[in-house]
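Enquirer: Before I ask anything, here is the structure I am working with.
The values are calculated or read from the model by the stated rules, or taken from the named source; none is laboratory data. In this text the structure is predicted, and so the values were computed from the model without any measurement. All Cβ positions, even for glycine, are placed from backbone atoms using ideal geometry, and neighbour counts span all protein chains on display.
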Amino acid sequence: MRPAEGPTLARFDGKANKGLDIGGKAGDPVLASADGRVVFVGGQLRGYGNMVIVKHNDTFLTAYAHNQKILVKEKDAVRQGQQIAEMGRSGTDRVKLHFEVRKQGVAVDPQPYLDGKAR
C-alpha cells in the first residue's frame, strides 16, 4: 500500500532517484506499506535524514526517509497501514517522504508494487 497520501513529487529512475518522493505537510502520517519487522531506525545515512527500514521477508525491504519523528524502534513488528513515522524534511530541502523498495538489496521501481502489478 502507498505509505503516504500526498502527491508524487518525483518518480524512480534508478540513478538520481532510487525510489518515490511523496509530498505532504510536516507531521503527516507515514504508514508501513506491508507487514514486517523494523531493522533500522536512524539518521546516519547521508541524504536520507531520519529513516526507517522495514524487512518484509528474505527478498524485500522498504525504506522511509526524511521523517521528522519516528514512532517505532528496531525489532518492532509492524502491520500494513500502521503509522511508523511523521513526514518531515530531515536531510532534504522540503517536507516529503522518500520511499524505496529494495528487492535482494537492489532498489526497484516502487510503483508496480503499489499498483498491485508486481509482487
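Enquirer: Can you tell me which residue among 92, 62 is among the hydroxyl-bearing types (Ser, Thr, Tyr) and within 18 Å of residue 118 (Cα to Cα)?
Expert: Exactly one of 92, 62 is among the hydroxyl-bearing types (Ser, Thr, Tyr) and within 18 Å of residue 118 (Cα to Cα), namely 62.
Enquirer: Quick one: is residue 34 surrounded by 17 or more Cβ atoms within 10 Å (Cβ to Cβ), modelled with pLDDT of 95 or more and assigned to a strand (DSSP E or B)?
Expert: no
Enquirer: Return the residues of segment 81-107 that are assigned to a strand (DSSP E or B) and either under 15 Å from residue 70 (Cβ atoms) or without any contact (Cβ under 8 Å) to a residue 12 or more places away in the chain (or both); say none if nothing qualifies. Reasoning before the result, please.
Expert: At the first step, the residues of segment 81-107 found to be assigned to a strand (DSSP E or B) are 83-88, 96-103, 106-107.
83, 84, 85, 86, 87, 88, 97, 98, 99, 106, listed by residue number.
Enquirer: The conditions are (1) within 22 Å of residue 13 (Cα to Cα); (2) buried (at least 19 other Cβ atoms within 10 Å of the Cβ); (3) of a type in the set (D, E, K, R), and residue 28 fails exactly one of them. Which is it?
Expert: Of (1) within 22 Å of residue 13 (Cα to Cα); (2) buried (at least 19 other Cβ atoms within 10 Å of the Cβ); (3) of a type in the set (D, E, K, R), only one is false for residue 28: (1).
Enquirer: Which number in (1) at pLDDT below 95; (2) under 21 Å from residue 111 (Cα atoms) marks the one condition that residue 65 misses?
Expert: (1)
Enquirer: Scanning for something within 17 Å of residue 119 (Cβ to Cβ) and in contact with a Pro (Cβ under 9 Å, 6 or more places away or on another chain), does segment 37-54 turn up at least one residue? Break it down stepwise before answering.
Expert: Within segment 37-54, the subset within 17 Å of residue 119 (Cβ to Cβ) is 54.
Filter once more, keeping what is in contact with a Pro (Cβ under 9 Å, 6 or more places away or on another chain): none.
No: segment 37-54 contains no residue that is within 17 Å of residue 119 (Cβ to Cβ) and in contact with a Pro (Cβ under 9 Å, 6 or more places away or on another chain).
Enquirer: What is the number of the single condition among (1) aliphatic (A, V, I, L, M); (2) surrounded by 13 or more Cβ atoms within 10 Å (Cβ to Cβ); (3) not in a strand (DSSP E or B) that residue 16 does not meet?
Expert: All conditions pass for residue 16, except number (2).
Enquirer: If I ask for residues that are in contact (Cβ under 8 Å) with a residue 60 or more places away in the chain, closer than 21 Å to residue 72 by Cβ and either in contact with an Asp or Glu (Cβ under 8 Å, 6 or more places away or on another chain) or surrounded by 15 or more Cβ atoms within 10 Å (Cβ to Cβ) (or both), which ones from segment 1-13 would you list?
Expert: Once the filter is applied, which keeps residues that are in contact (Cβ under 8 Å) with a residue 60 or more places away in the chain, closer than 21 Å to residue 72 by Cβ and either in contact with an Asp or Glu (Cβ under 8 Å, 6 or more places away or on another chain) or surrounded by 15 or more Cβ atoms within 10 Å (Cβ to Cβ) (or both), segment 1-13 yields 2, 3, 4, 6.
Enquirer: To continue, here is another question. Take segment 37-63 and flag every residue that is assigned to a strand (DSSP E or B), in contact with a Gly (Cβ under 6 Å, 6 or more places away or on another chain) and within 19 Å of residue 1 (Cα to Cα).
Expert: Correct list: 54, 55.
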